[in-house]
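Notes follow once the structure below has been shown.
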Amino acid sequence: SSQETGLIALAHVEQAIERWYERQERAAKEMVIQVGADIARFGDDQSCTALRRESNFIDPLRYASMEDTMQTAGRLAGILHAHPEAVCLVDVVGLGSGVVDRLREQGFAVKAINAGERTDMKDKSGELGFVSVRAAAWWHMREMLDPSSMANVALPDDPLLIGDLTAPKWTPTSGGKIQVESKDAIKMRLGRSTDSGDAVVQAFWEGETTETETAVVQAEAEYRVED
């Protein structure tokens, strides 16, 4: 927890867990505003869903194994139907694209994240950029959990989540950008994918619209005009 190369401090995660226990009854009455979904399929990884409420409170994480993408889409559709104000954020790299397409077909609010895409965003200081959207999203989670942010994030006491959030390392590049350790490298160290961490990071992501997302929105608008 004290390593300078660690992205998120264990102490900050533990403080967020303490806030969760203090606020769980009150937060249950709040609106769900964002749903982060990390999509897996068959294999060792698990699909994980994180529901974020208005006060930056995360509900107990929901896990699912051995689902195909249509089953995952159906499960997310049920959540979005119950919480119509919420937006679902899904990484479209790999299996997520099919889930995004199916949910959009059903009229749900879904934001596609391309974790590997470039971004012009800067950190809180305005001095450092990011090598990818994934690096920006994870750094944003770090800044949200920092006590100085006053975001008052509340996280469930989930051992997998604690391990996932505190596992990644980061390095500055010579170009003045932040690089976060790759998912493959983390998986080699942990012996598993950071499914829960990715879901929570996505639930808090409020970054710029990526090039991929812009293209999708434009295509859908053109289709509606032609229709």
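The values are calculated or read from the model by the stated rules, or taken from the named source; none is laboratory data. Note that this is a predicted model, so its numbers are computed, not measured. Don't worry about glycine lacking a Cβ; one is built from the backbone with ideal geometry, like all the others, and counts go over all protein chains shown. The protein model used for the area step is the full one, side chains on, heavy atoms only, and it has no ligands, DNA or RNA in it. Shrake-Rupley method; radii C 1.70, N 1.55, O 1.52, S 1.80 Å.
Key figures
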item	result
Chymotrypsin sites (Phe, Trp or Tyr not before Pro) within region 1-82, DSSP loop, no more than 16 other Cβ atoms inside 10 Å	PHE42
Relative contact order of the chain, pairs being alpha-carbon contacts under 8 Å that are 6 or more residues apart, as %	26 percent
Residues with amide H under 5 Å from that of GLN34, placed H, sequence gap 5 or more	ARG52, VAL87
Which listed pairs, of LYS111/LYS169; LYS124/LYS177; LYS29/LYS124, have C-alpha distances above 22 Å, in listed order	LYS111/LYS169; LYS29/LYS124
Most positive-pole-ward Cα, THR119, GLN179, GLY191, against dipole of the chain from beta carbon charges	GLY191
Accessible surface of region 1-141, 1.4 Å probe, proportion on carbon and sulfur as whole %	48 percent
Charge sum, other residues only, whose C-beta stays under 12 Å from HIS12's C-beta, Lys/Arg counted +1 and Asp/Glu -1	-2
